[in-house]
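Bear in mind that the values in this text are calculations on the coordinates, not laboratory data. Remember, it's a predicted structure, so these values are computed and weren't measured experimentally. Backbone-built Cβ (ideal geometry, glycine too); neighbour counts: all protein chains shown.
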Amino acid sequence: MSVTMIGLCVACVDRLYFDIALPATFPIVVNGFISSEPGPYRVEVNKAFDAESKDSIKLPVSVKRMEIVDDQGKKEVLSEIGKGVYETSRDGLRGVIGRVYKIKLELLDGRIYESIPDTLPAPGRINDLFLNFKAEAVEDATKYGYDVIVNSSGSEDGNARFMWKYKGTFKALTHPEFNNKACFYLNGKCNFAPSCSGMLNIAPPGQPPVFERIAPCTCCVCWYDRFNSIPVLSDIRFLEKGDFPNLKVTYIPIDQWILRDKIHIQVDQFSLTHQAYTFWQAVLSQKNAINSLFQPVSGKIPSHFIQTSGDPSPINGIFYATSISSKSDFIRPIDVPNPNFIPEGLESNDSCLKLFPYATTVKPDFWVD
């Protein structure tokens, strides 16, 4: 079996910005799936802006109602857990192999859309997950990191349409109590340390700060998620049942933060129907897209939704059904062939929630200290 992985050049392009109006015709963008794994299942709704606008290219959008419906008449209404983010309940509707699923959503202005029904396919399997340490010369330095590689199998029914996604989770410690760049006023006194640090400046006005702990720090330890922004797809030129050996899913660089403690790596293999595969293949072929999988400017990515009510207005994105196979592991500093390959650590005097995107102070269930 062979695979296709297409990346996008982001850093090497100088973006142009224009002051433009924000027309109401910018499309709604929907992205979500249901699987044979237990829920909750998540669907996100955004409004996509022109890539050349100074505004964010995505803006979360609330809807009046959203529900998942199967071909047996079972349904579940999703709850909004954050603006534009909808989830099923943990003990609610669960995907079943062979069943057909779609979502219905009604916008606040009364427009109604339905996704094209998708059948939940049989799963493949990730048999092995392993790491390949790499040292590469870059100009006058050497770059170290790991290729994340899997050995995978197709499904028993011969389906060879699969997508692989990676998520890496690492931990970082910051010291917001040492932040002396700006005042965080508390009871009229310049405290320097933000309140989330749990530190109080008890020094008299005009004197150097003297801190006393009055509460636990709630922004000193965070966990961060990293993703391969472009998924990896199997090559459908080979549709017979078979294996996917030595498939590279992503590359993890060794930097000052990722291996300060360790990083948890997880690879998910998604089985896809022909229509879901075609959608993701179109996403990968959109070479000029920058920072988003759903840029409306190219107009080349097919919509998997139909409008059933209201004034006609564009909608993009996909809701699909899938079976998932997963493998995970940790990379620890002790796993690096030479500890000198890990750069010296950096320190941050800010809230850990501001250090990297996708930050949380909630310890993941899989994390082992």
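Summary of computed values
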quantity: Relative packing of peptides 220-233, 328-341 - highest average C-beta neighbours within 10 Å first; calculated: 220-233, 328-341
quantity: Positive minus negative residues near S62 (Lys, Arg vs Asp, Glu; Cβ under 9 Å); calculated: +1
quantity: Modelled FRET efficiency - R0 25 Å, V221 with S62, Cβ distances, 0.05 increments; calculated: 0.20
quantity: Two-site FRET efficiency, Y358 against D91, from Cβ-Cβ distance with R₀ of 30 Å, rounded to 0.05; calculated: 0.65
quantity: Packing-based ranking, highest mean first, of 345-356, 146-157 given that Cβ atoms within 10 Å are counted; calculated: 146-157, 345-356
quantity: Net charge of neighbours whose Cβ lies under 9 Å from the Cβ of F170, counting Lys and Arg as +1 and Asp and Glu as -1; calculated: +2
